[in-house]
Amino acid sequence: MSSTPLAAPRGGSLFPAGAGGPGVLAAAALLLGALALTLAYGPRQGALLVLGGALGLVLYHAAFGFTSAWRVFILEGRGRGLRAQMVMLALAVVLFFPVLAAGTLFGEPVRGLVSPLSTGVVVGAFLFGVGMQTGGGCASGTLFTAGGGNARMLVTLLFFVIGSVVATRHFDWWLGLPSLPPVSLVETLGPTAGIAVSLALFAAIAAATVLVERRRHGALEREAAPAHRGLARFARGPWPLVAGAVALALLNFATLALAGRPWGITSALALWGAKGAQALGLAPQTWAYWQTPANAEALQSSVFADVTSVMDFGIIAGAMLAAALAGRFAPSLRIPLRSLAAAALGGLLLGYGARIAYGCNIGAYFSGIASGSLHGWLWLVAAFAGNAVGVRLRPFFFREGRAAPARGDGH
């Protein structure tokens, strides 16, 4: 494998001209933040910030999107992104199922994200799917594109937070709707059979995308030739989609080891919203959602004590670092009004939907399926249906063709 020097033309810096400031800021935030968290809360919290940074860098450099992958398949029948997701999930279940069956990892207790098969999952995932396409990103996509310099996604993120906290106000009502108990493939079938069934389902989905793509286009899409090779490609991207899939599965497993449960994103956004509501004089602590022991403790504590918040901060900083390394950190405030309206609407749907569905494309879909939870599969079906509706709404908000968005757009 050939190796290209990392040095930029100016001053031997790793960062392209003009990108050094954001890159240095992001690196300092990760390193100094990890040190501060270690001193205040212990080494695990510091490590989780760095782990979040690694997730942000991978998401940005691999342009690993759920929103764009689903949109391109719905509109064009191109399935490369969906197949990469199946690779990610396949590796995840192989890693997760035996450990979850044992209940411990490196001597520490671990648990999966297993939730009920509820009305809230169906409705919430559908709303989330619509929001993915109007907001321009999923949960991970909103964080990494905002961190990568997409100013519009900051609007999506703001309304994502608002929608999340509004959903916590209604959460007990959703709990009262028809629901089936949680079902775990790990517990029901055992780890070996659960892995076999899961891999068969992933293979079937991948095969279906191949059939659709070949029928519509005659051949499968290939990745474009990279601009960089060797170590320079690792630092500046773009990464192959499959490399991103493998890295995300491994980093989710690292999350399981450090946090004792898989990767999640959106509970932190609800927490930020609740703290904002308190600052405005509201009393979210009186709502049923915030009266459970874990949520009440999170609301009373600093956000820096919250595992999910710390990882979300890390994702933003890691994506900012990746964008600077790639020479793509160039925020612009020139955002069309309709696009802003779509960001606000999409953010509300994303936030509300994720909370009542027990998670997002990460907490419910990726980590739910990796945990063996059937609610993750239910979420996938309902969210895909929502995406199908969302892509029909996009022409009202955006002037676009059917091509996949450029790197740094909402994914």
Please list, in order along the stretch 180-187, the HN-Hα scalar couplings obtained from phi with the Karplus expression 6.51 cos²θ - 1.76 cosθ + 1.60 (θ = phi - 60°), rounded to whole Hz, x for Gly and Pro. 10, x, x, 10, 10, 5, 5, 7
Convex hull over the Cα atoms of the stretch 23-397, averaged projected area in nm²? 18.6
So who's got an amide H within less than 5 Å of the one on Leu105, skipping anything under 5 residues away but keeping other chains? H placed 1.01 Å off N, in plane. Val110
With a cut-off of 8 Å between alpha carbons and a minimum separation of six or more residues, what is the relative contact order of the stretch 100-234 in percent? 27
Using a Gaussian network model of the chain whose springs link C-alpha atoms within less than 10 Å, name the residue from Ser140, Ser267, Ser198 with the highest mean-square fluctuation. Ser198
Tabulate in residue order the Karplus-calculated ³J(HN,Hα) for the stretch 239-244, using 6.51 cos²θ - 1.76 cosθ + 1.60 with θ = phi - 60°, rounded to whole Hz; enter x for Gly and Pro. 8, x, 4, 5, 4, x
Integer Hz, Karplus 6.51/-1.76/1.60 couplings in order for the stretch 248-262, x for Gly and Pro: 5, 5, 5, 5, 5, 5, 5, 4, 4, 5, 7, 9, x, 7, x
Amide H proximity to Ser373 below 5 Å, modelled H, separation 5+ or other chain, gives Leu185
Give the long-range amide H neighbours of Ser118: residues separated by 5 or more places, or on another chain, with amide H under 5 Å away, using H modelled in the peptide plane at 1.01 Å from N. Leu180
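No lab work stands behind these numbers, since they all come straight from the coordinates. What you are looking at is a predicted structure, and each value in this text was computed from that prediction instead of being measured.
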